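Reading through the structure tokens given below for one structure.
No value in this document is a laboratory result; all are computed from the given coordinates. In this text the structure is predicted, and so the values were computed from the model without any measurement. Heads up, the Cβs are rebuilt from the backbone with ideal geometry, glycines too, and the neighbour counts pull from every protein chain shown.
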Ligand code: LLP
């Protein structure tokens with residue numbers, strides 16, 4: 001299963017449910033997710049990893065509980081980057097020893113939560129942070145299991161906003177600072193149990209992933225030489241997905257196979273391989289269904305104005321990302337429409353798409369399962385969109401959008 005399909009009626013469906021039916025109760029804009037497709041994706045990755053690996057879902061991609069629970073049931077742990085995400089992962093039933101926690105600036109209360117709940121490891125991103133983790137472990141009477149997130153200084157061929165592993169990024173411990181990080185760990189009584197890295201998002205080939213893993217393999221030897229017993233290597237996430245027709249990317253199991261081969265060749269003994277994919281697990285299994293408000297002719301340009309905007313899906317505005325837009329039903333000759341939302345920003349623009357003329361009532365914005373809802377805002381006093389979850393060929397849960405009155409009450413301080 002991979003995203004929306006058109007059945008005999010020529011109407012677009014996701015997970016076996018017609019999209020027009022899926023949004024009947026919730027109205028639009030609405031994210032519709034196929035939980036079976038997500039589970040199938042996860043099972044393939046978990047199987048590729050086998051018993052010597054753990055797939056920690058990067059919950060930042062989409063934190064909706066039905067999705068997180070589906071992934072946990074399929075055998076995933078969780079990768080979190082804030083105390084809020086950690087609370088969410090635990091509330092969804094993730095076992096603490098399957099949770100890893102990265103993030104360049106963790107507050108004391110967030111470190112305390114991670115330490116007292118006994119997660120698998122806190123991935124430290126600086127020498128200064130190791131010292132703070134050691135201090136919080138003393139203050140809370142806990143022992144600190146730490147992973148060293150190393151900045152591998154590998155350039156990923158991706159959008160500048162989502163490249164994290166190059167040497168000017170704020171993330172990770174620079175290779176040259178490793179001796180200081182190890183000294184701080186020893187002095188602070190911290191147990192270093194892992195090394196990790198994340199090169200960036202939307203990797204379309206395995207090369208940068210493997211290049212970063214090679215750096216980690218070097219680091220393993222250095223960490224062990226200081227007497228630390230490592231239990232896993234975390235190669236990060238970033239597996240790309242195709243957003244455009246004809247675009248190709250390596251699939252998740254291929255990233256795992258490349259990483260495993262690289263690790264095995266290095267012969268490091270019993271070390272688990274941890275991965276942190278987000279987008280690759282959920283992007284294709286979610287669409288954002290939107291109602292056409294009206295067309296607008298402006299000189300020679302044809303705008304198609306829809307009820308979803310950049311506050312619902314910010315990726316086009318923030319990264320110049322392209323998300324395919326399909327008519328939910330209806331035929332007719334295709335013409336190029338420039339599709340835009342109602343938000344008062346010129347960047348609220350989904351680009352040019354071939355769609356019927358006259359326009360359909362509903363359109364579906366594809367690959368909206370990752371970094372859609374989780375990055376949504378209430379800008380322009382627009383409520384967070386509805387969410388509809390599909391499994392076993394039917395709608396299993398509907399979350400309506402809160403009314404604008406809830407947002408108004410907040411502005412009034414009520
Ligand atoms: N692990 C770490 C440490 C990360 O920083 C990230 C993403 C991931 C895992 C998961 O990456 P994924 O497998 O989803 O590519 N909002 C952007 C993506 C930002 C990713 C930030 N870090 C977008 O919509 O493209």
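Remarks
- Modelled FRET efficiency - R0 35 Å, residue 95 with residue 398, Cβ distances, 0.05 increments: 0.75
- The Cα center of region 289-352 and the Cα center of region 10-52 differ in position by 23 Å.
- Taking label points 7 Å from Cα along the Cα-to-Cβ direction, residue 25 and residue 214 give a separation of 5.3 nm.
- Least to most buried among 10, 102 (fewest other Cβ within 10 Å first): 10, 102
- Over the chain: helical MRE at 222 nm, DSSP H runs n ≥ 4 each giving -39500 (n - 2.57), nearest 500: -9000 deg cm²/dmol
- Cα-based shape type of region 1-110, given that a ≥ b ≥ c are square roots of the gyration tensor eigenvalues and the cut on a/c is 1.5: oblate
- Relative contact order computed over the chain (Cα-Cα under 8 Å; 6+ residues apart), in percent: 20 percent
- Shape class of region 52-203 from the Cα gyration tensor (axes a ≥ b ≥ c, square roots of the eigenvalues): oblate, since a/c reaches 1.5 or more and a/b does not exceed b/c.
- Look at the alpha carbon pairs under 8 Å that are at least 6 residues apart: their mean separation over the length of region 35-282 gives a relative contact order of 20 percent.
- Neighbour counts of other Cβ atoms within 10 Å put 275, 119, 72 in the fewest-to-most order 72, 119, 275.
- Take every DSSP beta bridge whose two residues both sit in region 94-207; close to 10 percent of them are antiparallel.
- Antiparallel DSSP beta bridges within the chain, as percent of all bridges there, nearest 5: 50 percent
- Residue-span extension gain [residue 319 to residue 264] - 0.36 nm each, minus C-alpha spacing: 16.2 nm
- By definition, a body whose alpha carbon gyration tensor gives a ≥ b ≥ c is prolate when a/c is 1.5 or more and a/b is larger than b/c, and the chain fits this prolate description.
- 4 °C / 1.567 mPa s Stokes-Einstein diffusion coefficient of region 314-395, Kirkwood radius on C-alpha pairs, µm²/s: 90 µm²/s
- Burial ordering of 337, 303, fewest other beta-carbon atoms within 10 Å first: 303, 337
- Inter-probe distance in nm under a simple model that places probes 7 Å from Cα toward Cβ, at residue 105 and residue 174: 2.0 nm
- Beta bridges from DSSP with both residues in region 35-282: antiparallel share about 5 percent, rounded to the nearest 5.
- Net length gained if the chain between residue 221 and residue 380 were fully extended (0.36 nm per residue, minus Cα distance): 52.0 nm
- Once the Cα atoms are used to define both axes, helix 252-266 deviates from the longest principal axis of the chain by about 20 degrees.
- Legend: translational diffusion of region 202-245 by Stokes-Einstein, Rh = Kirkwood radius over C-alpha pairs, 4 °C, 1.567 mPa s; D = 106 µm²/s.
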